[in-house]
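K.L.:
Structure in structure tokens, see below.
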Ligand SMILES: *Cc1c(COP(=O)(O)O)cnc(C)c1O
């Protein structure tokens, strides 16, 4: 039986799929933090080049992928899709499990699918420099890589605790030519203010975003870049699902359920939106499942409301599931899933019942990661392991119900830089962190007051 489904270079999609063309309701407006009125493209121009702003609000269904971007995609795309036969055997399941593997990119995750086009549009628009943030370092690496391809200077504000604890990702960013500082830093007003109040703060993604946004807003030659959450980021990631649909055809199959881990929502959008298109059209009925950590359960326990994307309240207000913009999640190993908010598109689709969400603790997730790596060989990123865990539970449930299901999940990245997390697991040092109910309730008190 075939286990590997490959496409040719020429079969890399020529367009991205824009779900905004097909959503049952228009996406909720993004609001200006000062006026509370919908933001205009001009409001965003200091931060992003115009082609990305246009994609952010576009309702055109297919958006062409520039040839220069497709050329770079060929370095690792089309990415492989596997039938996890050895995992099925290990589980003794009757269900069929497939996974799309995004860890084959140079930086080891799905993130270059968007860092490459973002760098391209910035270059075309005459910007010289990109300011961005990174948590565990995956996004910073993807942006550093893209900067090196397009000759853009890249400055990365890296959450201080990761900067100190995860030096390898910093070294990789520097190897690709980026400048990396621990956040909060002395380089911005927001960073200096936070350091004055608490010199020993570990930092957070919300704080690092404030610094990068301030950097970009105060320099003519500089754009801001975000690795998840925004509509244009989710758009770029749809190359994953568009390829997966073709690969499913090669396998002569179609998924009953499509699963992705969910931090800001970009890899889930990537694998899920092209299948959701069929669901909205009524031609198929796949379930689309978002999987998050139980210590940062945005979609499962957050509220659907307008909130800021960052701690210093510099970003526009987005309607999304949120745990509060100043909520600082506990330091779990799946660093890429520690964000207080979520993609507005994913949030709205969840709110309207087109997506499901699940949350799991990290010990259960690592148990599933161990089963997977010993069966399939690939060492998964802790983030991706949330999707693996959900897929395994799905297969077990189907067996209990006497059903055979076709399950597809996105393996968003490899875990070679996360070996200390595996070491913790193997030596019994991994802890399940409770859902910080009080901390969230407090943060939710400080949501901005907005009509709508
Ligand atoms: C960043 C990251 C994620 C989480 O981000 P999303 O935008 O939710 O996809 C998941 N997996 C890996 C490997 C990552 O690097």
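K.L.:
Against the condition over 27 Å from residue 136 (Cα atoms) and either at pLDDT below 95 or in contact with a strand residue (DSSP E or B) (Cβ under 9 Å, 6 or more places away or on another chain) (or both), how does residue 407 come out, does it pass?
P.N.:
Answer is yes for this residue.
K.L.:
Given the options 252, 227, name the one that is touching a helix residue (DSSP H, G or I) at 6+ places or on another chain (Cβ under 6 Å) and either at negative phi or surrounded by fewer than 24 Cβ atoms within 10 Å (Cβ to Cβ) (or both).
P.N.:
The conditions single out 227.
K.L.:
Quick check: is even one residue across the range 252-265 without any contact (Cβ under 8 Å) to a residue 40 or more places away in the chain and more than 16 Å from the ligand (Cβ to nearest atom)?
P.N.:
yes
K.L.:
Let me ask another. Within 21 Å of the chain's Cα centre (by Cα), surrounded by 15 or more Cβ atoms within 10 Å (Cβ to Cβ) and under 22 Å from residue 344 (Cβ atoms): is that true of residue 81 in this structure?
P.N.:
Against the criterion (within 21 Å of the chain's Cα centre (by Cα), surrounded by 15 or more Cβ atoms within 10 Å (Cβ to Cβ) and under 22 Å from residue 344 (Cβ atoms)), residue 81 does not qualify.
K.L.:
Look through the range 404-425, keep the residues that are surrounded by 12 or more Cβ atoms within 10 Å (Cβ to Cβ) and over 23 Å from the mean Cα position of the chain (by Cα), and return whichever of them is farthest from the ligand (Cβ to nearest atom).
P.N.:
My answer is 404.
K.L.:
Just name the residue that is farthest from residue 390 (Cα to Cα) out of those in the range 50-74 that are assigned to a loop (DSSP other than H, G, I, E, B) and over 21 Å from the mean Cα position of the chain (by Cα).
P.N.:
In this case the residue turns out to be 66.
K.L.:
Looking at the range 85-117, which of the residues that are surrounded by fewer than 24 Cβ atoms within 10 Å (Cβ to Cβ) and assigned to a helix (DSSP H, G or I) is farthest from the ligand (Cβ to nearest atom)?
P.N.:
Ranking the candidates gives 89 first.
K.L.:
Of the numbered conditions (1) touching a helix residue (DSSP H, G or I) at 6+ places or on another chain (Cβ under 8 Å); (2) surrounded by 15 or more Cβ atoms within 10 Å (Cβ to Cβ); (3) in a loop (DSSP other than H, G, I, E, B), residue 33 fails exactly one; give the number of that condition.
P.N.:
Checking residue 33 against (1) touching a helix residue (DSSP H, G or I) at 6+ places or on another chain (Cβ under 8 Å); (2) surrounded by 15 or more Cβ atoms within 10 Å (Cβ to Cβ); (3) in a loop (DSSP other than H, G, I, E, B), the one that fails is (1).
K.L.:
Quick one: is residue 144 within 16 Å of the ligand (Cβ to nearest atom), in the same structural domain as residue 195 (by TED's automatic domain parsing), assigned to a loop (DSSP other than H, G, I, E, B) and farther than 30 Å from residue 398 by Cβ?
P.N.:
So residue 144 does not fit the description; no.
K.L.:
Next question, about the same structure. Looking at 278, 307, which one is more than 16 Å from the ligand (Cβ to nearest atom), crowded, with 24+ Cβ neighbours inside 10 Å and farther than 18 Å from residue 133 by Cα?
P.N.:
One residue alone meets the criteria, 307.
The values are calculated or read from the model by the stated rules, or taken from the named source; none is laboratory data. Everything numeric here is computed off the predicted structure, so don't read it as measured data. Because the Cβ atoms are built from the backbone with ideal geometry, glycine has one as well, and the counts that use them run over all protein chains shown.
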